[in-house]
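Read the structure below first, then the notes.
Coordinate-derived values only; no laboratory data. Note that the structure is predicted; figures quoted are calculated from it, not measured. Ideal geometry is used to build each Cβ from the backbone, glycine not excepted, and the neighbour counts take in all protein chains shown.
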Amino acid sequence: MRSRERRASTANVLVTGGAGYIGSHTVKALLDAGYNVVVLDDLSRGHPEFIPGVRLVIGELPDEGALADLFSETEFDAVLHFASESLVGESVRNPDKYFRRNVAGGISLMSAMVKAGVKKIVFSSSAAVYGDPESVPIPETAPLRPMSPYGESKVFVERALGWYDKAYGLQSVSLRYFNAAGADPSGRLGEDHDPETHLIPLVIRAALTGEPLTVFGNDYSTPDGTCIRDYIHVSDLAEAHVLALKALSEGLETTAVNIGTGRGFSVMEIISAVEEVSGKKVPYTMGPRRAGDPAILVAACDRASEALGWTPKHSSLREIVETAWRWHTRAT
Ligand code: UFG
C-alpha cells in the first residue's frame, strides 16, 4: 500500500460526480469552507473546467479496483456521492443503466468505504423517492413510492445506507433534492446538460432562440393548470452538503433530509419570471402531460433547519432566474 496522503488541519473529502452541475457547486462550497477535496468523475457529463485546481480522478462507478486504489492512497474523512444517472424518463426506458450505475455504483462505493474505514457519507437523493405525494408540503416521513427506476434507485441506496449504518457504523445523510436550479453568482459555473430536460434552462433557451417551449400539460388541479415545483438555488443546495458534513462530524445520526424552500411555482410562473428578468417574450405551446409528472411537489423543510441548521438564502425565484440567465448568456 502506498503511503496515505493527509493534511493535518483539514478534512479530506472524496466527491464522486464532483465535476457535474450540483457536484461542482458543492466542491466550490467545500473549498471555501476549508476542506481538502478529491473528485472522482467519469466526465460523461462533468466539466473539468468547473473544478480548477482540484485533483480529478477519472473513473466510473462501479469500478471496485479504482475505488480501492483511491481509498488506499488517501485517508478520507468522508464521501459526498453525487455520481448518478438522473433522467427520470430515460430510466423508465433503460432501467438496467440506472440499477447498474446508481444502485451497483452506490453499493460498490459503500463497500469500499467500509473496507477503508471511512464512516461518513452525504448521498444525493431526490424528491423522486416520494412519487406522487398524498399531500404537500411533503415531510420526510411520507411514504416512499417512487414512480421510476431513477426514484427506485435512490430509495434503494437510502435503504441500503440504513443497513450499512446498523452493521458497519456508516453514518449518512441522504439529501432529497427538490428542483435544483440557478447558477453560481460568479457566472463561472452553471447548468450545462446535454440533452437539457430541465424547465428553467429550456425556458431561457426559448427566450434566446425564439424556439417555442412545450408546456407539459395545463389541465392539472393547480391554480393555472400547470405543474408546481419547489425550485432550490444550487448554491443553497451546495451549502446543505457542507452543513450535512459538519452535522455528521458532530454526531448526527443517519437520516434523510428534504432540501427545498417550502414554496412552489408553476410552469407559467417560471415563464413570467424569465420574461421579467430577460425583458424578452418566451414563446410556448401547450402540449400534453409528460408521463410520471406529479401535479405539485413542494418540500416540508423543518428537518433541514433542525438537523442541519440550513435555510435557503439564494432561492428567491428572482435570484434563481437571474443567476441562470447570467450563466446562459455569458460570453464564451
Ligand atoms: N416542463 C415543461 N416543459 C419542459 C420541461 C419541463 O412543461 O420542456 C415542466 C415539467 O412537466 C415539470 C416542470 O416543468 O412540471 C419541471 O420539470 P423538470 O424536468 O425541470 O424537473 P422535474 O420536476 O421533472 O424533475 C426534478 C429533477 C429530477 C427529480 C424530480 C423529482 O430534475 O432529478 O424533480 O420528481 F427526479
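List the aspartates and glutamates whose Cα lies under 17 Å from the Cα of Lys246, skipping any in the same chain that are fewer than 8 positions away.
Reachable aspartates and glutamates: Asp32, Asp77, Asp236, Glu306.
Antiparallel DSSP bridges in the chain: what percent, to the nearest 5?
Restricted to the chain, the bridges split so that about 5 percent are antiparallel.
Report, to the nearest 10°, how far helix 149-168 tilts away from the longest principal axis of the Cα atoms in the chain, using its own Cα long axis and a range of 0 to 90°.
Rounded to the nearest ten degrees, it is 30.
What does the charge dipole of the chain about its Cα centre add up to, to the nearest 20 debye, if the Cβ of each Lys and Arg holds +1 and the Cβ of each Asp and Glu holds -1?
Dipole size: approximately 340 debye.
Give me the one-decimal Kirkwood hydrodynamic radius in Å for segment 130-277, with the sum taken over alpha-carbon pairs.
For segment 130-277, inverting the mean 1/r across all distinct Cα pairs yields 17.6 Å.
Can you give me the angle between helix 317-328 and the longest principal axis of the chain, using Cα atoms only, in degrees from 0 to 90, rounded to the nearest 10?
Once rounded, the angle reads 80 degrees.
Pull out the extension gain between Ala291 and Asp219, defined as 0.36 nm times the separation in residues minus the alpha carbon to alpha carbon distance; nm, one decimal.
24.6 nm is the gain from fully extending Ala291 to Asp219.
First check a/c for segment 84-141, with a ≥ b ≥ c the square roots of the eigenvalues of its C-alpha gyration tensor; if it is under 1.5, answer rounded, and if not, answer prolate when a/b is larger than b/c or oblate otherwise.
oblate
Taking the 0 to 90 degree range and rounding to the nearest ten, how far is the long axis of helix 199-209 tilted relative to the main principal axis of the chain, both from C-alpha atoms?
Roughly 50 degrees, rounded to the nearest 10.
Can you compute the helix-only [θ] at 222 nm over the chain? Use -39500 (n - 2.57) per DSSP H run of at least 4 residues, normalise by all residues, nearest 500 deg cm²/dmol.
Taking each H run of at least 4 residues, the total per residue is -11000 deg cm²/dmol.
Computed FRET efficiency, Cβ-Cβ of Ile107 and Glu275, R0 56 Å: what is it to the nearest 0.05?
0.80
Which longest run of the chain has no exposed loop site in it, a site being GluC sites (Glu not before Pro) in a DSSP loop with at most 10 other beta carbons within 10 Å, and the site itself not part of the run?
1-133
Just to be sure I understand the model, the point goes 7 Å from the Cα along the line to the Cβ. What's the resulting Asp32 to Glu253 distance in nm?
3.3
Around Asp184, what is the net charge, scoring Lys/Arg as +1 and Asp/Glu as -1 over all other residues with Cβ under 14 Å from its Cβ?
Computed value for this residue: -3.
Name the shape class, rounded, prolate or oblate, that the alpha-carbon gyration tensor gives for the chain, where a ≥ b ≥ c are the square roots of its eigenvalues, rounded holds for a/c under 1.5, and otherwise prolate holds if a/b is larger than b/c and oblate otherwise.
prolate
Cut-off 10 angstrom, C-alpha nodes, Gaussian network model of the chain. Which of Ala206, Ala78, Ala299 fluctuates the most?
Ala206
Provide the net charge surrounding Leu252, with neighbours chosen by a C-beta distance below 13 Å and charges set as Lys +1, Arg +1, Asp -1, Glu -1.
0
I want the local charge near Gln171. Using Cβ-Cβ distances under 9 Å, sum +1 for each Lys or Arg and -1 for each Asp or Glu among the other residues.
0
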